[in-house]
1. Using the C-alpha gyration tensor of the chain, what are the square roots of 5 times its eigenvalues, in whole angstrom, with the largest one first?
2. How big, in percent, is the set of alpha carbon pairs in region 144-279 lying more than 19 Å apart?
3. Want the number for N45 to E205: 0.36 nm per residue separation, take away the alpha-carbon distance, what's left?
4. Report, to the nearest whole %, how much of the accessible area of region 175-224 belongs to carbon and sulfur atoms, 1.4 Å probe, protein only.
5. Kindly sort T127, T50 by accessible area of their heavy atoms, largest first, with the probe set to 1.4 Å.
6. Just need the relative contact order of the chain here, percent rounded to a whole number, with Cα pairs under 8 Å and 6+ apart.
7. Which whole-Hz couplings ³J(HN,Hα) result when phi for each residue of region 230-245 is put into the Karplus expression 6.51 cos²θ - 1.76 cosθ + 1.60, θ = phi - 60°, listed in order with x for Gly and Pro?
8. Which FRET efficiency, nearest 0.05, do Q66 and Q36 yield, Cβ-Cβ r, R0 35 Å?
Amino acid sequence: MAHFNIKSLIREGEAELTSSGEPAIGATFLMMDLFQFSKLEIMLNDQVLTAEQADLYKEGIMRLKQHEPLAHITGFQMFYDRKFYVDHRVLVPRQETEELVALALNYIKAHHTVADIGTGSGVIAITAQLESHCNMYAVDISRDALHVAKRNSDHLKADVTWLAGDLLAPIRERNIKLDVLLSNPPYIAAHERDVMNKTALFDPELALFAEDSGLALYKRMIDSLPEVMNNNGFVAFEIGHNQASALVAYIHQKYERIHVDVHKDINGCDRILSFTWCE
């Protein structure tokens with residue numbers, strides 16, 4: 001039976017990816033994620049693959065060359081040190097979103113009532129619930145996305161109530177009052193499509209684009225805050241890097257007493273907008 005040296009396969013994969021403008025490091029990540037090799041194992045050992053495994057790896061390289069996300073090829077994405085199933089029905093979780101969860105966990109206590117709006121694969125809701133033991137509600141308009149989120153919740157044994165609906169409507173309809181509201185909604189303007197990373201365009205359009213220069217969904221949630229928030233509750237949104245000033249102005253226009261904080265991500269870009277709710 002033929003065997004294939006993984007270092008040789010990775011070198012071949014790096015050359016293929018470089019030729020298509022994709023980062024060469026993807027060849028190593030693909031090998032690690034497909035076959036559960038650590039980076040140290042790849043560096044120190046002459047591991048080999050079977051012919052069938054080598055074909056699977058080469059197919060993955062071809063898909064990466066077409067700018068398909070690594071998570072779609074391997075079927076998972078790590079988030080807060082947990083493995084989450086993902087596919088074409090949901091946005092691939094980004095590292096920056098971990099910062100939203102980390103910030104929120106400073107305010108979430110056990111038995112707090114929390115909602116994650118636009119939950120997608122469920123990473124925010126599931127992580128926050130497991131880390132805090134809060135009462136978590138998660139909403140998405142896409143039933144396909146909720147199917148993925150429930151799969152992750154079942155696998156990770158999180159206690160989340162999943163609701164199908166448009167933004168805060170399911171929360172309002174059930175007269176739920178929130179101590180914490182979290183959301184990473186679609187926030188890309190349609191005119192930005194042409195300058196987007198090609199890999200990001202594999203995510204569902206429903207999870208990417210919003211009207212009003214990407215601000216429409218934030219504004220609708222902000223408008224609904226009096227109906228869903230407990231006084232002194234905490235609100236945090238993940239935002240686009242150029243949206244902070246417009247959203248801060250909108251919040252101050254509607255609610256004069258609120259002080260808004262803008263937090264930068266690991267790349268130094270405006271990424272999280274947060275405030276304490278008061279009427």
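The values are calculated or read from the model by the stated rules, or taken from the named source; none is laboratory data. What you are looking at is a predicted structure, and each value in this text was computed from that prediction instead of being measured. A quick note on method: Cβ atoms are made from the backbone with ideal geometry, for glycine too, and the neighbour counts reach across all protein chains shown. Accessible surface areas use protein heavy atoms only, side chains included; no ligands, DNA or RNA. Shrake-Rupley method; radii C 1.70, N 1.55, O 1.52, S 1.80 Å.
1. Numbers: eigenvalues 296, 82, 50 Å².
Square roots of five times the eigenvalues give 38, 20, 16 Å.
2. Working: 5235 of 9180 pairs.
Distances greater than 19 Å cover 57 percent of the Cα pairs.
3. Values: separation 160, 0.36 × 160 = 57.60 nm, distance 4.21 nm.
Computed gain between N45 and E205 is 53.4 nm.
4. Values: 1260 of 2450 Å².
Within region 175-224, the accessible surface is 51 percent carbon and sulfur.
5. Values: T127 0, T50 40 Å².
From most exposed to least exposed: T50, T127.
6. Values: 497 pairs, mean separation 38.1, N = 279.
Answer for the chain is 14 percent.
7. 6, 4, 6, x, 10, 10, 9, 10, 7, 10, x, 5, 10, 10, 4, 4
8. Numbers: r = 24 Å, r/R0 = 0.69.
It comes out at approximately 0.90.
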